[in-house]
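Written below as structure tokens is the structure these notes are about.
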Amino acid sequence: MSDDVFSQFKEHSVAEFFRKNKQMLGFSGKVRSLTTIVHELVTNSLDAAEEGRILPNITVELTEVDKDEGRYIVRVEDNGTGIPERLIGKALGMMLAGTKFHRYVQQRGQQGIGAAGVTMYAQLTTGKPVKVVSGYKGTD
């Protein structure tokens, strides 16, 4: 009998889960999605400034690319410490990876998907790569 129960056992990737449940993560509709994107990126900027003990200076730029499809380029620039080049792919392209998960402390943000969720949403909806530039101010 237990073999029958597990005959329907399936695995899904994080990307597949995200695609099927994006509304639970704040990506439902064009306005809500854009709001979530800006919120997550600004939240990351604020957290980075706080951790670096830096007074934040954040610039958000929205450029409409296609009015009919509601596509935008979102650019966020801050004066935070940046991300080491070797970790950019993991920090912005891998869910549940980052500097906050081991601390069990709630900071800003809601679901903990941050910029990785924004990156995944952008790639799922446009099919195009995301450009990330970081000026890491560490010794890496």
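If we sort 38-44, 73-79, 57-63, 7-13 on the protection proxy, mean other Cβ atoms within 10 Å, highest first, what's the order?
On the way: 38-44: 19.1, 73-79: 15.3, 57-63: 11.7, 7-13: 6.9.
In decreasing order of mean packing, 38-44, 73-79, 57-63, 7-13 become 38-44, 73-79, 57-63, 7-13.
Cross-link list LYS10/LYS131; LYS20/LYS67; LYS10/LYS30; LYS22/LYS128; LYS67/LYS131: which exceed 23 angstrom alpha carbon to alpha carbon?
Beyond 23 Å: LYS10/LYS131; LYS20/LYS67; LYS10/LYS30.
Values quoted throughout were computed directly from the atomic coordinates according to the rules given, and no laboratory measurement underlies them. All values reported here derive from a predicted model rather than from experimental measurement. Heads up, the Cβs are rebuilt from the backbone with ideal geometry, glycines too, and the neighbour counts pull from every protein chain shown.
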